[in-house]
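The block underneath contains the structure these notes are about, expressed in C-alpha cells.
The values are calculated or read from the model by the stated rules, or taken from the named source; none is laboratory data. These numbers come from a predicted model, not from an experiment. Because the Cβ atoms are built from the backbone with ideal geometry, glycine has one as well, and the counts that use them run over all protein chains shown. Side chains included, ligands, DNA and RNA excluded: accessible areas come from the protein's heavy atoms. Shrake-Rupley method; radii C 1.70, N 1.55, O 1.52, S 1.80 Å.
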Amino acid sequence: MNYVIIGGGVAGLGCVEGIRSVDTEGAITLITEEMHPPYSRPGISYWLSGKLTDSGMPLREKDFYDSLKVIVKTGATAVGIDTKKNFVTLENGETVPYDRLLIATGGVPIFPPITGTDGAPDPDRRIFTFTTYRDAKEILTRKDAIQKAVVIG
C-alpha cells in the first residue's frame with residue numbers, strides 16, 4: 001500500500017501514526033509546503049516570545065520519521081491530484097503515486113474586508129497572518145518597527 005498525506009500539521013502527523021498502528025510496511029509520503037516537518041502551531045507564539053527555541057518546535061524528532069520509514073517532503077507544494085491515475089503533482093513537476101490519499105491541509109487565514117487588507121503589494125508590510133512558523137519568522141524580522149499590534153481572531 002502506498003499512502004500519501006498532503007499537509008504537515010498535527011492531522012498529517014496523526015495520520016502517519018494511525019497508519020503505522022495498522023500497517024507497518026506500506027510506504028508513507030508526507031508532503032508539506034512548509035520548510036519544516038510537523039511542528040506545534042500553537043508553539044509559534046512561544047517561539048516568537050523566546051520561550052521556545054527552534055529545536056523545540058518539531059512535534060517529533062527527525063529519527064521518528066526515519067524509524068517509521070516515512071518520506072517527508074518539506075517545501076513541496078501539491079498543485080494537482082489525478083484521481084483516475086492516483087498521483088499527486090507537485091509544483092516542481094514531480095508526481096507522487098498513491099493508493100490512499102489524505103488531504104490534511106488545515107485552514108487558511110482570511111483577511112477581513114477592511115481597507116488596507118486587500119493583498120496589494122506593501123513594501124512596508126504591516127499586516128500579517130500568524131498561522132505558520134514562516135509568519136512568525138517574518139514578524140520577528142520586523143519587530144523593531146512594531147510599536148503597537150491589533151490581533152483579530
So what is the calculated 222 nm ellipticity per residue for the chain, using -39500 (n - 2.57) for each DSSP H run with n of 4 or more, over all residues, to the nearest 500 deg cm²/dmol? -6500 deg cm²/dmol
Given R₀ = 35 Å, what would the calculated FRET efficiency be for Ser55 paired with Phe130, taking r from the Cβ atoms and rounding to 0.05? 0.95
Summed over the other residues with a beta carbon less than 12 angstrom from that of Glu17, with K and R at +1 and D and E at -1, the charge totals +1
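Provide the FRET efficiency to the nearest 0.05 for the Thr89-Glu138 pair, computing r from the beta carbons and using R0 = 35 Å.
E(calc), rounded to 0.05, equals 0.80.
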List the relative contact order of the chain as a percent without decimals, with contacts defined as Cα pairs under 8 Å and 6+ residues apart. 27 percent
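What is the sum of charges, Lys and Arg at +1 and Asp and Glu at -1, for the other residues whose Cβ falls under 10 Å from the Cβ of Arg134?
-3
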Compute the Rg to Rh ratio over segment 20-69 from the alpha carbon atoms, using the Kirkwood formula for Rh, and round to two decimal places. 1.07
If you line up the long axis of helix 10-22 against the longest principal axis of the chain, both from Cα atoms, how many degrees apart are they, to the nearest 10? 20 degrees
Pop out the carbon and sulfur fraction of the accessible area of segment 3-71 as a percent, whole number, probe 1.4 Å. 59 percent
What accessible area per residue, rounded to a whole number of Å², is obtained for segment 26-132 using a probe radius of 1.4 Å? 66 Å²
Nearest 5 is fine: what % of DSSP beta bridges in the chain come out antiparallel, could you say? 40 percent
If you build the Cα gyration tensor of segment 1-96 and take the root of 5 times each eigenvalue, what three semi-axes come out, in whole angstrom, biggest first? 26, 17, 10
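Do you know the relative contact order of segment 4-90, to the nearest whole percent, from alpha carbon pairs under 8 angstrom that are 6+ apart?
32 percent
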Given H placed 1.01 Å from N in the peptide plane, which residues other than close sequence neighbours of Ile28 have an amide H under 5 Å from its amide H? Tyr3, Ile71
